[in-house]
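Enquirer: Have a look at this one before I ask anything.
The values are calculated or read from the model by the stated rules, or taken from the named source; none is laboratory data. What you see is a predicted model; the values in this text were computed from it and never measured. Note: ideal-geometry Cβ built from the backbone for every residue, glycine included; neighbour counts use all protein chains shown.
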Amino acid sequence: MKLLKLVPDHTNIDFMRWRNIAVILSTLLTVASLAYTFYRGLNLGIDFVGGQVVRAEFARPVQIENLRARIDSMGVGEASIQALGNDRTYQIRLPRPSGPETAANQVVSKLRVAIPQQFPGARVDAGESVSGKVSEELASEGAKAIIFAMLGIAIYIWLRFEWQFGVGALLTLAHDVSMTLGFFAFTQLQVDLNVVAAILTIVGYSLNDTVVIYDRIRENLRKYRKMAILPLLNLSLNETLARTVVTSLTVLIALGVLMAIGPEVIFGLAIAIFLGVLIGTYSSIYISAPVLVWLGVTPDSFIRVDEKDDKTTPGAQPA
Amino acid sequence: MLDFPRWKVWIVLLVVLAGVYLSIPSLIAGTPLASRWPSYLVHSKINLGLDLAGGSHLLLEADQRDALKTRLQAKEDEISTELHRDPRIEVGDISTADGRLSFLVRDPTQVDAAVERMRKLSQPLQLTGNRDWDVSVVDSARVVLTPTAAGTTQALKDAMSVARDVVRRRIDPSGTKEITVITEGGNRILVEVPGVEDPEQLKRLIGQTARLEFKLVDLEANPQDVLQGRAPPGSEVLPYPDNPGGYPMIAVKRRVMVSGDQLTNAQQGYNQDGAPAIDITFNTAGAKRFGRVTQENVGKPFAIILDNRVLSAPNINEPILGGRAQITGSFTVQSAHDLAVSLASGKLPVKLNVIEERTVSAELGKDSIHKGVIASIIGTFGVILFMLVTYGRFGVYATIALVVNGFLILAVMALFGATLTLPGIAGFILTIGAAVDANVLINERIREEIRRGRRLLDAVETGYREAFRAIFDANVTHVISASIMAFFGSGPVRGFAVVLLIGVVTSVFTAVYFTRMLVALWIRRTRPRELHI
């Protein structure tokens, strides 16, 4: 049987030729993503702004306008209603009422009683309420978690490799996270706790790719001490390209299935990781690697620090 | 590479078999097979999170204002009892303004004695050396008791641990359900109840402080004043929503004659008209007191007060001496039953507010599991197919490793009684995709080494050795992000992180060690001359 080789043997793409364009583009996109996120804002779920969501299943098809009118008449604020797959299942979100911390929960109680009264046979399948105080805590914990994860991983890379690699990892992560946020700002998909989990996963995954490439760069730096840095990066990227493609594809296959037919509650999580894998694959090639050039990684600098103790004949070191 | 001693093979096989064995109870849970699984075999299985099993997650927070008020009230009673003891100290009304207690000592020579007795009432706090109340004198005759911050904190902490037990008793009077009730961060209680059918009833049970008091009705109060909220000294005006006399307010004496603390039991019953009521039984001290009070006040109305609202104020027709009484009011069977449960479990020392709720019905949970399982199966098959067409024989090894990894994740989760949540299923699928990364790294490296002209055995050996470094570092990054997620995340997100963490560890075993064994055994058996990879 002929085996599938997505990346042919002896592939030799001059990745670094476009590094300046790529980095400029990525920087612009990152800045644009962040600016757009700040300008447009994220569609934050009740986890982060407080409020109430109930999910109701009706015995008979219900018109969305009819449902909205009934809920408006309850005086619990302006509902945003979303049909879930059919015209009998709806998700109803209401803004957090002002007042004491318990006010949010009382709205859920009210809906849970009122919906079956107004629509006989209807069933409230899920109800969530998050008070203002709790949502502030969740938001700050989520932000902290993402920042700590980024720093923690960058520090690990610094310890395992060199400081330049740590900086490269941090910039790569910042790029990936900004782009993901930009995507959520652009599509206005709801950002909830699951999306934070997804971003943390992306932080782990994107670095997975970067680490594999960095590991190969380190290996080649030791192996080909005379090679200039750009060809060496190209060589390392090409050598790891097949792996990059195959792994990314397997993850995309698994997540694609989850996105397409998985439970809708975790759609945000699935699409965020799916996208993050794509961005992470790109950034591990065009951000992680070029950064090393600017930070002045040469075979020299690496050896001097890393293999100081291994020197048996100091004079034999390449100049 | 070929050096794979038989004992190592046995150990690896043993681990794999243990993994399959331990994951069986979780896999057959909820199917008819579960009942046929022999009882002498292992039964630990994965817990389903509330988003999959259905149930209610409630985060309760102590109402600080209510806590302060309750504490002041309790202190007020304590002071009044103390001052009435011999030698009695005559004081004016006790004021509770500004969160402090103060009273005027009528006889100036008794001020020092009053201060001394107040100091004795305050408790020293452990470690800090502070006391829970500061006692001072202003204007030479007014004694002021101010709660200290440390005292307030300690009181809240004590109240929360009592509240936790009360909440548990209310939700689960029989003590048989698998519910979680834990205190969090000093002033919160987390409640998780799987399989709730009516979350509103649950919240009603918890939301009621159930402070039951019996006080005498102040018959001398001017009805006009009462409607304005003004009561004569020594009395207070309380809401009385179901007053048959029409006024929604009533004046009662401040002094608590008998309180719900002295109950031993409460049950829903019916009054002589057949309306739902609550039958209560007092303990010995309570019965004695209730008997004395009713004896002394025959013919007068007696207010039954729940959480500062008057339920009813029946006339005392005759002394009630047996320690049994009945609480009437406008109840339904359900509300009478709920109140009986609340009273029997004791009053909450502090009012609890629901500040977060997440409830999922069992149907929705089942639907999620169903969709999640199907997505997992299809996703796994997709990945397997891709591995097979890409790596041939080595793809088969990766596939076996993948399946074994799936079992191992389930086994480890079952072993630790971990909770599987909906995002956890996503974590499972992601792990399936990411776990093969190690095999991809190894296989690509072997391809590369063969291209470089290494001999088969050498190439395989170099492949495994060189790839391991990258596999290790890459997995550490996963572990870092997943640990941080597990630390900061709540409920479902933590479930996701746990699956990722377990998956990373087991995948290193299956993808590196286990496949290496398979490859070694194959090479040793067939001595292939070339490698199709």
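Enquirer: Check region B:374-385 and report whether any residue there is touching a residue at least 60 places away in the same chain (Cβ under 8 Å) and either within 24 Å of B:A29 (Cα to Cα) or surrounded by fewer than 22 Cβ atoms within 10 Å (Cβ to Cβ) (or both).
Expert: So far as region B:374-385 goes, no, none of its residues is touching a residue at least 60 places away in the same chain (Cβ under 8 Å) and either within 24 Å of B:A29 (Cα to Cα) or surrounded by fewer than 22 Cβ atoms within 10 Å (Cβ to Cβ) (or both).
Enquirer: Which one of the conditions (1) within 15 Å of A:A149 (Cα to Cα); (2) touching a residue at least 12 places away in the same chain (Cβ under 8 Å); (3) polar (S, T, N, Q) does B:T462 fail to meet, given that it meets all the rest?
Expert: (1)
Enquirer: Another one. Pick out the one residue from B:S161, B:S140 that is hydroxyl-bearing (S, T, Y) and at positive phi.
Expert: Just a single option satisfies the conditions, and that option is B:S140.
Enquirer: Residues of region B:491-508 being closer than 13 Å to B:D437 by Cα and either within 11 Å of another protein chain (Cβ to nearest Cβ) or in contact with an Asp or Glu (Cβ under 9 Å, 6 or more places away or on another chain) (or both), which ones?
Expert: B:V504, B:S507
Enquirer: Related question: Suppose we keep only residues that are crowded, with 18+ Cβ neighbours inside 10 Å and among the basic types (K, R) within region B:427-473. Which one would you say is nearest to the chain's Cα centre (by Cα)?
Expert: Per the criteria, the residue is B:R445.
Enquirer: Which condition breaks for A:L241 when tested against (1) under 20 Å from the mean Cα position of the chain (by Cα); (2) under 30 Å from B:I425 (Cα atoms)?
Expert: With (1) under 20 Å from the mean Cα position of the chain (by Cα); (2) under 30 Å from B:I425 (Cα atoms) applied to A:L241, the lone miss is (1).
Here is a yes/no grid of residues against (1) in contact with a Phe, Trp or Tyr (Cβ under 6 Å, 6 or more places away or on another chain); (2) under 30 Å from B:D198 (Cβ atoms); (3) aliphatic (A, V, I, L, M); (4) free of Cβ contacts under 8 Å to residues at least 40 places away in the same chain:
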{"position": "A:V113", "(1), (2), (3), (4)": "no, yes, yes, yes"}
{"position": "A:P120", "(1), (2), (3), (4)": "no, yes, no, no"}
{"position": "A:V124", "(1), (2), (3), (4)": "no, yes, yes, no"}
{"position": "A:V130", "(1), (2), (3), (4)": "no, yes, yes, no"}
{"position": "A:G142", "(1), (2), (3), (4)": "no, no, no, no"}
{"position": "A:A145", "(1), (2), (3), (4)": "yes, no, yes, no"}
{"position": "A:L151", "(1), (2), (3), (4)": "no, no, yes, yes"}
{"position": "A:F165", "(1), (2), (3), (4)": "yes, no, no, no"}
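Enquirer: More than 30 Å from B:G246 (Cβ to Cβ), outside the structural domain of B:D437 (by TED's automatic domain parsing) and surrounded by 23 or more Cβ atoms within 10 Å (Cβ to Cβ): which single residue out of B:V310, B:V354 fits that description? Quick ask: steps written out before the conclusion?
Expert: Numbers: B:V310 fails: more than 30 Å from B:G246 (Cβ to Cβ).
B:V354 is the lone residue from the list that is more than 30 Å from B:G246 (Cβ to Cβ), outside the structural domain of B:D437 (by TED's automatic domain parsing) and surrounded by 23 or more Cβ atoms within 10 Å (Cβ to Cβ).
Enquirer: May I pose another question? Looking at region B:407-426, which of the residues that are within 14 Å of another protein chain (Cβ to nearest Cβ) and farther than 21 Å from B:V20 by Cβ is farthest from the chain's Cα centre (by Cα)?
Expert: Only one residue tops the list, namely B:A426.
Enquirer: Kindly check whether there is at least one residue in region B:412-426 that is touching a residue at least 40 places away in the same chain (Cβ under 8 Å) and out of contact with any helix residue (DSSP H, G or I) (no Cβ under 8 Å at 6 or more places or on another chain).
Expert: Just the residues of region B:412-426 that are touching a residue at least 40 places away in the same chain (Cβ under 8 Å), to begin with: B:412-415, B:417-426.
From the residues that got through so far, the ones that are out of contact with any helix residue (DSSP H, G or I) (no Cβ under 8 Å at 6 or more places or on another chain) too are B:417.
Within region B:412-426, one or more residues are touching a residue at least 40 places away in the same chain (Cβ under 8 Å) and out of contact with any helix residue (DSSP H, G or I) (no Cβ under 8 Å at 6 or more places or on another chain).
Enquirer: Considering region B:438-459 alone, what residues qualify as being touching a residue at least 40 places away in the same chain (Cβ under 8 Å) and more than 18 Å from B:R393 (Cβ to Cβ)?
Expert: Residues satisfying the conditions do not exist here.
Enquirer: Evaluate the following for B:G382: is it touching a His at 6+ places or on another chain (Cβ under 9 Å) and not hydrophobic (A, V, I, L, M, F, W, C)?
Expert: No.
Enquirer: Separate question: How many residues are within 16 Å of B:A362 (Cα to Cα) and either within 14 Å of chain A (Cβ to nearest Cβ) or in contact (Cβ under 8 Å) with a residue 24 or more places away in the chain (or both) if we restrict to region B:25-61?
Expert: Total satisfying the criteria: 11.
Enquirer: Across region B:195-217, which residue is surrounded by the most Cβ atoms within 10 Å (Cβ to Cβ) among those that are more than 26 Å from B:Q64 (Cα to Cα) and either at pLDDT below 90 or not assigned by TED's automatic domain parsing to the domain that holds B:V237 (or both)?
Expert: The qualifying residue surrounded by the most Cβ atoms within 10 Å (Cβ to Cβ) is B:V196.
Enquirer: So, in region A:1-30, of the ones that are free of Cβ contacts under 8 Å to residues at least 12 places away in the same chain and of a type in the set (V, I, T), which residue ends up surrounded by the most Cβ atoms within 10 Å (Cβ to Cβ)?
Expert: Within region A:1-30, the match that is surrounded by the most Cβ atoms within 10 Å (Cβ to Cβ) is A:T27.
Enquirer: For region B:167-182, enumerate the residues that are at pLDDT below 90 and assigned to a helix (DSSP H, G or I).
Expert: B:R169, B:R170, B:I171
Enquirer: Here is a follow-up. If you check every pair at least six apart or on different chains, which have Cβ atoms under 9 Å apart with a residue in region B:146-163 that is without any contact (Cβ under 8 Å) to a residue 24 or more places away in the chain first and a residue that is surrounded by 19 or more Cβ atoms within 10 Å (Cβ to Cβ) second?
Expert: B:T148/B:D132; B:T148/B:W133
Enquirer: While we're looking at this one, here's another question. Of the residues A:G268, A:G204, which is crowded, with 19+ Cβ neighbours inside 10 Å, within 30 Å of A:G182 (Cα to Cα) and in contact with a His (Cβ under 8 Å, 6 or more places away or on another chain)?
Expert: Details: A:G268 fails: in contact with a His (Cβ under 8 Å, 6 or more places away or on another chain).
None of the other options fit; the residue is A:G204.
Here's the yes/no breakdown for (1) within 13 Å of chain B (Cβ to nearest Cβ); (2) surrounded by fewer than 22 Cβ atoms within 10 Å (Cβ to Cβ); (3) among the hydroxyl-bearing types (S, T, Y):
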{"position": "A:A122", "(1), (2), (3)": "yes, yes, no"}
{"position": "A:V130", "(1), (2), (3)": "yes, no, no"}
{"position": "A:I147", "(1), (2), (3)": "yes, yes, no"}
{"position": "A:I153", "(1), (2), (3)": "yes, no, no"}
{"position": "A:Q164", "(1), (2), (3)": "no, yes, no"}
{"position": "A:G168", "(1), (2), (3)": "no, no, no"}
{"position": "A:T172", "(1), (2), (3)": "yes, no, yes"}
{"position": "A:M179", "(1), (2), (3)": "no, no, no"}
{"position": "A:F183", "(1), (2), (3)": "no, yes, no"}
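Enquirer: Return the pair list, or none, for Cβ contacts closer than 7 Å from residues in region B:307-328 that are on the phi > 0 side of the Ramachandran plot to residues that are part of a loop (DSSP other than H, G, I, E, B) and polar (S, T, N, Q), at least 6 apart or on different chains.
Expert: So the pair list comes out as B:D307/B:Q208; B:D307/B:T209.
Enquirer: Report the residue count in region B:357-370 for those that are surrounded by fewer than 21 Cβ atoms within 10 Å (Cβ to Cβ) and either more than 14 Å from chain A (Cβ to nearest Cβ) or touching a Gly at 6+ places or on another chain (Cβ under 6 Å) (or both).
Expert: Selection size over region B:357-370: 1.
Enquirer: Go through (1) closer than 18 Å to B:F302 by Cα; (2) surrounded by 13 or more Cβ atoms within 10 Å (Cβ to Cβ) and name the single condition B:P244 misses.
Expert: (2)
Enquirer: Show the residue pairs meeting these rules: Cβ distance below 6 Å; 6+ apart or different chains; first residue within region A:79-101 and within 14 Å of chain B (Cβ to nearest Cβ); second residue part of a loop (DSSP other than H, G, I, E, B) and among the polar types (S, T, N, Q).
Expert: If the second residue must be part of a loop (DSSP other than H, G, I, E, B) and among the polar types (S, T, N, Q), the pairs left are A:E101/A:S131.
Enquirer: Name the helices (runs of 4 or more DSSP H) wholly inside region B:1-93 in which the number of residues that are over 30 Å from B:V105 (Cα atoms) is 3 or more.
Expert: On the way: elements: B:6-28, B:33-36, B:50-53, B:64-84.
Per the criteria, B:6-28, B:33-36, B:50-53.
This table checks each residue for (1) in contact with a Ser or Thr (Cβ under 6 Å, 6 or more places away or on another chain); (2) of a type in the set (V, I, T); (3) within 14 Å of chain B (Cβ to nearest Cβ).
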| residue | (1), (2), (3) |
| --- | --- |
| A:D9 | no, no, yes |
| A:I13 | no, yes, no |
| A:V31 | no, yes, no |
| A:D47 | no, no, yes |
| A:E57 | yes, no, yes |
| A:P61 | no, no, no |
| A:R68 | no, no, no |
| A:G75 | no, no, no |
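Enquirer: Looking at region B:83-118, which of its residues are at pLDDT below 85 and under 20 Å from B:A155 (Cβ atoms)?
Expert: Hits for region B:83-118 are B:I94, B:T96, B:A97, B:D98, B:G99.
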